[in-house]
Every structure is written in structure tokens, then in C-alpha cells.
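The values are calculated or read from the model by the stated rules, or taken from the named source; none is laboratory data. The structure displayed is predicted, hence computed values, not measured ones. Using ideal geometry, Cβ is built from the backbone for each residue, glycine included, and neighbour counts are taken over all protein chains shown.
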Amino acid sequence: MDLQLAAETFNFGASSTEPLPTVFTAQSKTYFYCKDAICAFVFCQNRLPVNPFMAFGYFLNDRVERDLIRRANNQLISMCDELWVFGDIANGVMFEILLAKRLGMPIRYFTVSAKSSEITEVTLKDLRFEAEMALTGEQIGAFLRLAADE
């Protein structure tokens, strides 16, 4: 069926059916409120954002076991083309980075903001870790080496 012809015949808009590359957006719960800006930023890069907070809120307000949500997140990551990390690294984000590395996915790192226009790309050396992780300098160095490992 020719969708453009159908759109003209039945007077509805036809959008492109060309698939967009998918990006799993990893972010700490600390930046839950930035989820819309993060998705807008990814869309502006002509990619489809897969944001776990948009899909499941915050653990579906504990209506199901949290581990089931974590498994679902892991499956979403495996279905995406890339992983983009926004803001400080939390323990769940650290896991998502290492999973993406194991899957051979490209990973990019960004600042986080409630305004998509203020989000910028950063390098591994610019990453910050949430204080609640209480990592030593040695642990941070070991993680950065794992994350950088090609």
C-alpha cells in the first residue's frame, strides 16, 4: 500500500516510516525531572530516545518488583543501537554502561539539564559520580579504565 497516496485520498498526514537509530538514555533518579529535556535532546539529534523513566516512571511506583523493572531496562538496552549517559553516574547507570560495553554498543556522555538546549557532550574524564556511591579514587579509576576499554 502506498501510504502517501492513502494520506492524500483519506486526508490524513503521512510521516516518514524511515527508522531512527535508537538510543537508551541512562540517567540517575536524581535527574528524573530532566527526562523530557533528555528525550527532546535525543530527538533533536534525529534519534529515537528510549528513556526508562518515560516507560516505567520511577519503578512503577513499586507496583511490581524493582528487579523486574531492572530486567526490563536491561532488555531495552540490548534492543537499542547506542547508550547515552546524562549527568552524574549512579550505581544503576554504572551497570548500564558496563552492560552496553559488554554488548559492544557505542556510548556517549552528556551533561544534564532541564533545558535540552543546555545539554552538552563530555568526555570520560569529565564524568562525576554521585556521592552516595562512596567510591574511592582507585575504584573510580578502575571503572573509567573499564568504560574506556575498546
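Checking the condition touching a residue at least 12 places away in the same chain (Cβ under 8 Å), closer than 19 Å to Thr22 by Cα and either polar (S, T, N, Q) or in contact with a Phe, Trp or Tyr (Cβ under 8 Å, 6 or more places away or on another chain) (or both), which residue from Asn91, Asn74 passes? Explain how you work it out, then say what you get.
On the way: Asn91 fails: closer than 19 Å to Thr22 by Cα.
Among Asn91, Asn74, only Asn74 is touching a residue at least 12 places away in the same chain (Cβ under 8 Å), closer than 19 Å to Thr22 by Cα and either polar (S, T, N, Q) or in contact with a Phe, Trp or Tyr (Cβ under 8 Å, 6 or more places away or on another chain) (or both).
Residue by residue, here is whether (1) over 16 Å from Val93 (Cα atoms); (2) exposed (fewer than 13 other Cβ atoms within 10 Å of the Cβ); (3) in contact with a Phe, Trp or Tyr (Cβ under 8 Å, 6 or more places away or on another chain); (4) modelled with pLDDT under 85 holds:
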{"site": "Asp2", "(1), (2), (3), (4)": "yes, yes, no, yes"}
{"site": "Glu8", "(1), (2), (3), (4)": "yes, yes, no, yes"}
{"site": "Ser15", "(1), (2), (3), (4)": "yes, yes, no, yes"}
{"site": "Pro21", "(1), (2), (3), (4)": "yes, no, no, no"}
{"site": "Ala26", "(1), (2), (3), (4)": "no, no, yes, no"}
{"site": "Phe32", "(1), (2), (3), (4)": "no, yes, yes, yes"}
{"site": "Phe43", "(1), (2), (3), (4)": "yes, no, no, no"}
Filtered residues of the range 90-119 (kept if in a loop (DSSP other than H, G, I, E, B) and either surrounded by 14 or more Cβ atoms within 10 Å (Cβ to Cβ) or of a type in the set (A, V, I, L, M, F, W, C) (or both)): Ala90, Leu103, Met105, Thr111, Val112, Ser113, Ala114, Ile119
Any hit, the range 115-135, residues being in contact (Cβ under 8 Å) with a residue 60 or more places away in the chain and either within 19 Å of Leu20 (Cβ to Cβ) or of a type in the set (A, V, I, L, M) (or both): yes
